[in-house]
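Report on the structure given below.
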Amino acid sequence: MKVGILGATGAVGQKFIRLLQDHPWFSISALGASERSSGKKYSEAANWIEDITLPSKVAAMTVRNCDPAEFSDVDFVFSGLDSSVAGEIEGAFARAGIPVISNAKNYRMDDTVPLLVPEINPEQIELIKKQEFTKDGSGWIVTNPNCVAVPLSMALKPLHDAFGVDTVILTTMQAISGAGYPGVASLDILGNVVPFISGEEPKIGPETRKLLSAEFDLQATATRVPTLNGHMLSATIKFKKKPADLEEVRDAYSNWHNPISALNLPFSPSEVYKIHEKDTYPQPRLHADQEGGMQLHIGRLRMAEVFDISLMAMAHNTIRGAAGGAILNAELLHKKGYLG
Ligand code: NAP
């Protein structure tokens, strides 16, 4: 299938380009960004930050305006657009009959828009049928969640199924790549921790509740730390039904059934959960890239003195939490017949 990337010059856009290089089903055929970049060769428009050589075919492509009329040759688009423009542009693409698989926040909480993590809530793709961007249903929007809501919902899903989540107290340690490019000023973040990320905390509760189709209380503190990739989460959780011991908690993960395992999607990790026994794991530098950056790492599982249990969770923010998650969404949509 021919794929366009909107916001192709940004941190998430570049990750799409890297991850789609050898994709068996999707091939990059159009790139879009702002007026600053459009009309230029991609190699001139983008400051390439991935640690592979910019693929020559992509380097030579001319960046287009994010105007649906300039993308009539693609089957669908991935969006890594800045949220200040994503609402208008993604809506215009959907109205023009071009499906949009988005990373931006703008449509995530819309009642008719799937907020999708395929292993958690694959049934949400059915919401597409309620969208009215086009009369014939050819244009629609599917979103993936905020890069904290992804690992949090994944960490909670087996526990919620087993015990019912009641309350979560969460502190995040978020990598600098989560702020996009050029992102946080080096003088602010080198050798430092910034105890606030603008706009981040209010997204985490609503998105995680939508992902799990559940009502629970969540208090989040989002911090920026000087790691490159991999958001680390510290969560203390109270359940509706208290687990008897840690064995029951571990069983919840090992008994969990992956609803999309039979589909053998190219971006599915072979093991969705890696439960670390070593007290000093998981670590972003050691584990964020494992299983193509698509795995959810859990460690420090322990019974808690306040509430019921505590854990650490970690996932690659621009892969599992953004571009890789969106590609997995597209693979599921393709298998289910939504992308032709
Ligand atoms: P970024 O590095 O700042 O990239 C933003 C992209 O949007 C660039 O390609 C930029 O193009 C384009 N853009 C800006 N203004 C535009 C306009 N007026 N018209 C068309 N294109 C425009 O941001 P990012 O980190 O990649 O994030 C992209 C989106 O994904 C955001 O909505 C973000 O919240 C979301 N997200 C990010 C992460 C993460 O870990 N980084 C995780 C999950 C979700 P120019 O280069 O031409 O300006």
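Here are some notes:
- Mean separation of Cα pairs under 8 Å and 6 or more residues apart, divided by the residue count, gives the range 149-316 a relative contact order of 29 percent.
- Considering only alpha-carbon pairs that sit under 8 angstrom and 6 or more positions apart, the relative contact order computed for the chain is 17 percent.
- With R₀ fixed at 25 Å, the C-beta to C-beta distance from Thr171 to Glu88 puts the FRET efficiency at about 0.15.
- Relative packing of peptides 174-185, 94-105, 314-325, 47-58 - highest average C-beta neighbours within 10 Å first: 314-325, 94-105, 174-185, 47-58
- Carbon-plus-sulfur accessible fraction, the chain (probe radius 1.4 Å, protein heavy atoms only): 49%.
- Among the listed pairs Lys40/Lys105; Lys2/Lys129; Lys129/Lys336; Lys105/Lys210; Lys157/Lys242, those whose Cα-Cα separation exceeds 20 Å are Lys40/Lys105; Lys2/Lys129.
- Cα Rg, Dmax, the range 1-107, angstrom units: 12.5, 36
- Cα convex hull of the range 149-316 - mean projected area over all directions, nm²: 10.2 nm²
- Protection proxy ranking of 265-278, 154-167 - average other beta-carbon atoms within 10 Å, highest first: 154-167, 265-278
- By the compact-protein rule of thumb, 2.2 N^0.38 Å, the alpha-carbon radius of gyration of the range 199-273 corresponds to a ratio of 1.38.
- In terms of Cα atoms, the Rg and Dmax of the chain work out to 19.5, 62 Å.
- Only beta bridges with both residues in the range 149-316 are counted; by DSSP, about 65 percent of them are antiparallel.
- The residues of the chain expose, per residue, 43 Å² of accessible area to a 1.4 Å probe.
The values are calculated or read from the model by the stated rules, or taken from the named source; none is laboratory data. Bear in mind that the values here come from a model prediction, so they are computed numbers and not experimental data. Because the Cβ atoms are built from the backbone with ideal geometry, glycine has one as well, and the counts that use them run over all protein chains shown. The protein model used for the area step is the full one, side chains on, heavy atoms only, and it has no ligands, DNA or RNA in it. Shrake-Rupley method; radii C 1.70, N 1.55, O 1.52, S 1.80 Å.
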